[in-house]
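Asker: One structure, pasted below without further comment.
The values are calculated or read from the model by the stated rules, or taken from the named source; none is laboratory data. Every value quoted in this text rests on a predicted model; they were computed, and no experiment measured them. A quick note on method: Cβ atoms are made from the backbone with ideal geometry, for glycine too, and the neighbour counts reach across all protein chains shown. Accessible surface is based on the protein model in full, side chains and every heavy atom, while ligands, DNA and RNA are left aside. Shrake-Rupley method; radii C 1.70, N 1.55, O 1.52, S 1.80 Å.
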Amino acid sequence: MRRACGNYEIDDDPARIDPAAAVSFLTTEAYWGRWRGEQEIRRQIAVAWRVVGAYDQSGAMTGFARAFSDGGSAYLSDVYVLSAHRGAGLGRAIVAMMIEDGSGAGWRWMLHTSDAHGLYRSFGFARPDGHPSRYLERPPQAESPAAGPGAVTVGPLTGQHLRLEPLQHRHVPGLVAAASGGGELYRWSPVPQDEAQVRRYVETAVAARDAGQAVPFAVVQMTDDAVIGSTRFFDLGYWPWPDGRQRTGPDTCEIGYTWLSRDAIRTGANTEMKRLMLTYAFQVWQVRSVCLHTDARNQRSRDAMQRIGARFEGILRAHRLGADLNPRDSVRFSITAAEWPSVRLRLDELARRYQPA
């Protein structure tokens with residue numbers, strides 16, 4: 001989203017962020033950030049749950065903030081405005097977009113600061129009793145999306161070899177490269193095949209996340225930070241529990257829209273992805289069940305679901321639109337909360353098989 005602020009523009013598009021400008025300020029002028037090196041700052045920006053920038057009329061970045069989140073609380077960090085551009089209300093505009101616009105509105109927010117207390121108090125931040133004076137917190141607001149089926153943000157989820165990052169526009173080039181050369185591999189999966197398709201794919205996924213309908217990820221290889229595919233939670237189900245019951249997340253969900261680059265097939269990547277997502281679903285959200293569907297003609301995918309211990313439930317006829325634009329029969333698999341401990345052990349065993357000698 002974009003907002004005008006006088007002659008400036010406030011934007012939360014990650015692709016627009018200038019990491020070099022942030023590095024320049026944070027390593028030389030920020031009292032809280034000079035101990036960090038360029039590589040660490042760039043990594044923190046890359047894995048941030050959300051970033052917001054301020055831009056002058058030439059497009060140069062004049063202010064910045066980032067945040068990370070667990071899906072119900074968020075921590076605000078690295079908020080700054082270049083000295084030559086202070087006094088125009090950019091700091092307030094950046095904070096407002098970060099904590100009051102988008103999926104984090106209404107959440108519990110936290111930060112540390114030695115100055116700008118007045119700015120943050122105007123947004124409802126205060127120092128909790130017994131905490132150091134630098135720590136400020138804003139409690140959850142009445143309309144917190146975390147309290148019900150609103151926008152849901154998860155991640156990044158980090159494993160031994162992979163990191164599942166919340167899908168963002170900055171992942172487009174990596175997804176284009178990952179999908180290249182898929183050919184027959186993507187016969188039954190709706191995998192975008194060029195930059196235009198990937199951009200639409202990401203925009204649709206991000207819109208679904210903002211609407212609380214899905215939690216999409218980019219799959220990133222930790223050895224070189226290369227994007228090797230995508231996956232997501234979707235069809236989030238919220239049961240009509242009696243009023244007053246505290247939610248930890250949806251009650252049911254589906255894992256799907258999963259695809260990997262040609263080189264990542266049969267490397268253990270799919271096993272690690274499922275381990276990360278199922279662990280989050282059952283142990284953080286505390287869902288009652290997770291389901292998975294695949295085209296009935298996709299034997300490779302069916303075998304993969306059975307291999308991790310998911311239980312076959314049946315075939316849904318003419319269930320969804322297939323990648324070939326014909327109605328497809330879907331094979332349904334599921335894992336319940338009672339089955340999760342045994343599935344977890346199965347995933348651990350599969351992960352050991354993929355370890356290098």
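Asker: Give the ranking of 138, 16, 43 by solvent-accessible surface, highest area first, calculated with a 1.4 Å probe.
Answerer: Details: 138 15, 16 70, 43 115 Å².
Largest accessible area first, the list is 43, 16, 138.
Asker: In percent, how large is the relative contact order of the chain, given Cα pairs closer than 8 Å and 6 or more residues apart? Walk me through the intermediate numbers first.
Answerer: Values: 648 pairs, mean separation 37.3, N = 357.
Relative contact order, the chain: 10 percent.
Asker: Here is a follow-up. If amide H atoms are built 1.01 Å from N in the plane of the peptide, which residues on other chains or at least 5 residues away come under 5 Å of the amide H of residue 226?
Answerer: Distant-sequence amide H within range of residue 226: 221.
Asker: Build a GNM of the chain with springs between Cα atoms under 10 Å: which of 57, 299, 197 gets the top mean-square fluctuation?
Answerer: Maximum fluctuation in the GNM of the chain, among the listed residues, is at 57.
Asker: Tell me, in nm to one decimal, what length is gained between residue 13 and residue 60 on full extension, where the rule is 0.36 nm per residue of separation less the Cα-Cα distance? Show your work: numbers first, answer last.
Answerer: On the way: separation 47, 0.36 × 47 = 16.92 nm, distance 1.40 nm.
Residue separation times 0.36 nm, minus the Cα-Cα distance, leaves 15.5 nm.
Asker: Counting Lys +1, Arg +1, Asp -1, Glu -1, what net charge surrounds residue 304 among other residues with beta carbon under 11 Å of its beta carbon?
Answerer: Working: positive: 266, 274, 300, 302, 307; negative: 303.
Local net charge: +4.
Asker: Would you kindly find the accessible area of residue 55, with a 1.4 Å probe and non-protein molecules such as ligands, DNA and RNA excluded, rounding to the nearest 10 Å²?
Answerer: Residue 55 exposes around 0 Å² with every protein chain in place.
Asker: Quick one: ranking 272, 184, 165, 100 by accessible area, 1.4 Å probe, largest first, what do you get?
Answerer: Working: 272 30, 184 130, 165 5, 100 90 Å².
These residues rank, largest area first, as 184, 100, 272, 165.
Asker: Would you list 58, 122, 261 from the most to the least accessible area, probe 1.4 Å? Numbers along the way, then the final one.
Answerer: Details: 58 95, 122 65, 261 15 Å².
I get 58, 122, 261, largest accessible area first.
Asker: For the chain, with a Gaussian network of springs between Cα atoms less than 10 Å apart, report the residue from 134, 344, 187 with the top mean-square fluctuation.
Answerer: For the chain, modelled as a Gaussian network with Cα springs under 10 Å, the answer is 134.
Asker: Mind giving me the FRET efficiency for residue 243 and residue 73? R0 is 25 Å, r the Cβ-Cβ distance, nearest 0.05 is fine.
Answerer: Working: r = 23 Å, r/R0 = 0.92.
Approximately 0.65, to the nearest 0.05.
Asker: On to the next question. Obtain the radius of gyration and the Kirkwood radius of the chain from its C-alpha atoms and give Rg over Rh. Walk me through the intermediate numbers first.
Answerer: Numbers: Rg = 21.7 Å, Rh = 21.9 Å.
Computed over Cα atoms, the ratio is 0.99.
Asker: Still on this model: Quickly work out the residue 329-to-residue 196 label distance, labels modelled 7 Å from Cα along the C-beta direction, and quote it in nm with one decimal.
Answerer: Distance between label points: 3.6 nm.
Asker: Using alpha carbons only, how many degrees (0 to 90, rounded to 10) separate the axis of helix 195-210 from the longest principal axis of the chain?
Answerer: Approximately 80 degrees, to the nearest 10.
Asker: Further question: How large is ³J(HN,Hα) for each residue in segment 21-36, as worked out from phi by the Karplus curve 6.51 cos²θ - 1.76 cosθ + 1.60 (θ = phi - 60°), to whole Hz, x for Gly and Pro?
Answerer: 5, 5, 4, 4, 6, 5, 8, 10, 10, 7, 4, 8, x, 5, 6, 8
Asker: Taking just the alpha-carbon atoms of segment 83-124, what radius of gyration and Dmax come out, in angstrom?
Answerer: Looking at segment 83-124, its Cα Rg and Dmax stand at 11.1, 32 Å.
Asker: Another one. Return the calculated 222 nm mean residue ellipticity for the chain, to the nearest 500 deg cm²/dmol, obtained by summing -39500 (n - 2.57) across DSSP H runs with n ≥ 4 and dividing by the residue count.
Answerer: Working: 9 runs with 92 residues, N = 357.
Calculated at 222 nm, the ellipticity per residue is -7500 deg cm²/dmol.
Asker: With point charges of +1 on the Cβ of Lys and Arg and -1 on the Cβ of Asp and Glu, referenced to the Cα centre of the chain, which listed residue (336, 83, 156) lies farthest in the positive direction of the dipole?
Answerer: 336
Asker: Full-extension gain between residue 28 and residue 263, please, as 0.36 nm times their residue separation minus the C-alpha to C-alpha distance.
Answerer: On the way: separation 235, 0.36 × 235 = 84.60 nm, distance 4.12 nm.
The residue 28-residue 263 span can extend by a further 80.5 nm.
Asker: How much of the accessible area of the chain, in percent, comes from carbon and sulfur atoms when a 1.4 Å probe is used?
Answerer: 49 percent
Asker: Rounded to the nearest 10 Å², what accessible area does residue 285 show when all protein chains are kept and the probe is 1.4 Å?
Answerer: Surface open to solvent at residue 285 totals about 10 Å².
Asker: In addition: Where only protein heavy atoms count, and the probe is 1.4 Å, what is the accessible area per residue for the chain in Å²? Before the final figure, lay out the partial values.
Answerer: Working: 17140 Å² over 357 residues.
Solvent-accessible surface per residue comes out at 48 Å².
Asker: Where in segment 290-307 does the label zone of residue 353 land, with the point 7 angstrom along Cα→C-beta and an amide N cut-off under 18 Å?
Answerer: Under 18 Å, as judged by backbone N against the label point of residue 353, lie 299-307 of segment 290-307.
Asker: For residue 319, enumerate residues with amide H under 5 Å from its amide H, sequence gap 5+ or separate chain, H modeled in the peptide plane.
Answerer: Answer set, sorted by chain and number: 328, 329, 330.
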